[in-house]
1. Filter the helices (runs of 4 or more DSSP H) completely within region 94-201 down to those with at least 1 residues that are touching a strand residue (DSSP E or B) at 6+ places or on another chain (Cβ under 7 Å).
2. Given the structure, is Ala101 open to solvent by 20 Å² or more (accessible area, probe 1.4 Å) and within 25 Å of the chain's Cα centre (by Cα)?
3. Are any residues in region 1-59 farther than 20 Å from Glu143 by Cα and assigned to a loop (DSSP other than H, G, I, E, B), and if so, which ones?
4. Six or more apart or on different chains, Cβ under 8 Å: which pairs go from a residue in region 112-126 that's under 12 Å from Asp148 (Cα atoms) to one that's among the basic types (Lys, Arg)? Could you list them?
5. Counting just the residues of region 7-42 that are among the β-branched types (Val, Ile, Thr) and within 15 Å of Thr75 (Cα to Cα), which one comes out most open to solvent (accessible area, probe 1.4 Å)?
6. Under the condition of being more than 20 Å from Arg128 (Cα to Cα) and without any contact (Cβ under 8 Å) to a residue 12 or more places away in the chain, which residue from region 61-97 is least open to solvent (accessible area, probe 1.4 Å)?
7. Provide a single number: the residues in region 202-227 that are surrounded by fewer than 12 Cβ atoms within 10 Å (Cβ to Cβ), part of a helix (DSSP H, G or I) and under 29 Å from the mean Cα position of the chain (by Cα).
8. Six or more apart or on different chains, Cβ atoms under 8 Å: show the pairs whose first residue is in region 193-218 and under 26 Å from Leu173 (Cα atoms) and whose second is among the charged types (D, E, K, R) and in a helix (DSSP H, G or I).
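The values are calculated or read from the model by the stated rules, or taken from the named source; none is laboratory data. None of these values were measured; they are calculated from a predicted model. Methodologically, a virtual Cβ is constructed for each residue, glycine included, from the backbone with ideal geometry; neighbour enumeration extends over all protein chains shown. The accessibility values were calculated without ligands, DNA or RNA, using every heavy atom of the protein model including side chains. Shrake-Rupley method; radii C 1.70, N 1.55, O 1.52, S 1.80 Å.
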Amino acid sequence: MPTEVSLRLAGPDDLPAVAELYLAVRRAAVPLMPPGVHPDDDVRRWVGSWDLSTRDVWLAESGTDGDPALVGFATLTPTWLESLYVAASAQRQGIGSALLALAKAQRPDGFALWVFESNVAARAFYARHGLVELERTDGSANEERRPDVRMAWPGTDPLAFYRAMIDEVDLVLGDALARRVALTRVVQDHKREVSAVADPARDATREREIVARVAELAPELGEERVGRIMHAVISESIDAAREGS
């Protein structure tokens with residue numbers, strides 16, 4: 001990092017300048033990043049409302065004449081690097097690397113972030129600094145509706161970091177399986193009422209449709225593996241529904 005650049009925590013009075021830098025960087029980053037979806041004044045109000053007791057905003061400032069200029073910032077929550085922006089005129093000078101190194105020092109247990117899939121420069125930057133890509137989405141959950149990538153720095157104990165993330169996923173899976181059994185029980189009861197058959201047959205066509213849909217969500221598994229997994233899920237759900245009836 002250039003010697004004339006310093007890093008410090010932001011206070012409430014700094015947030016208007018942070019908002020202006022945010023807007024400028026987003027505009028300059030098109031098309032690597034999609035245009036913002038909110039009017040500028042809404043963004044200014046949003047940044048101005050940040051609660052600095054729940055997130056740390058670190059500023060990178062250049063100049064030593066008593067009136068330093070804001071050239072970058074990073075926003076940290078306990079587990080996320082929510083933003084890291086450097087002014088277009090100050091990029092490739094080590095400022096982003098300095099902010100990222102500070103984030104690592106502040107969050108030694110690791111953190112995650114989201115980056116647009118189209119932002120290949122940012123993804124390459126994070127990869128050079130040891131972050132890994134964990135998952136990709138179709139963008140349906142973000143405001144811009146653009147595909148994005150979840151990346152993470154696994155901290156000083158990567159195995160513990162990844163296992164904690166797996167534990168979170170397992171809880172989601174457990175909840176999904178419980179719902180699957182409950183819904184299967186309702187369907188089986190309904191099929192028995194309609195057909196007056198004690199043990200309704202499975203619907204092979206529908207099960208193939210289910211496999212195809214799930215395989216689209218998990219392309220790395222492939223349809224054959226997903227087929228085996230869903231066969232087990234459906235079979236065990238039906239058995240549990242029978243036992244609970």
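1. By residue number, 95-106, 120-128.
2. yes
3. Scanning region 1-59 gives Met1, Pro2, Thr3, Glu4, Ala10, Gly11, Asp51, Leu52, Ser53, Thr54, Arg55.
4. Leu113/Arg150; Trp114/Arg150; Val115/Arg123; Phe116/Arg146; Glu117/Arg123; Glu117/Arg136; Glu117/Arg146; Ser118/Arg146
5. Val25
6. Across region 61-97, the extreme among qualifying residues is Ala69.
7. Qualifying residue count for the region: 6.
8. Taking only residues 6 or more apart or on different chains, the pairs are Val211/Glu223; Ala212/Glu223; Ala215/Glu223.
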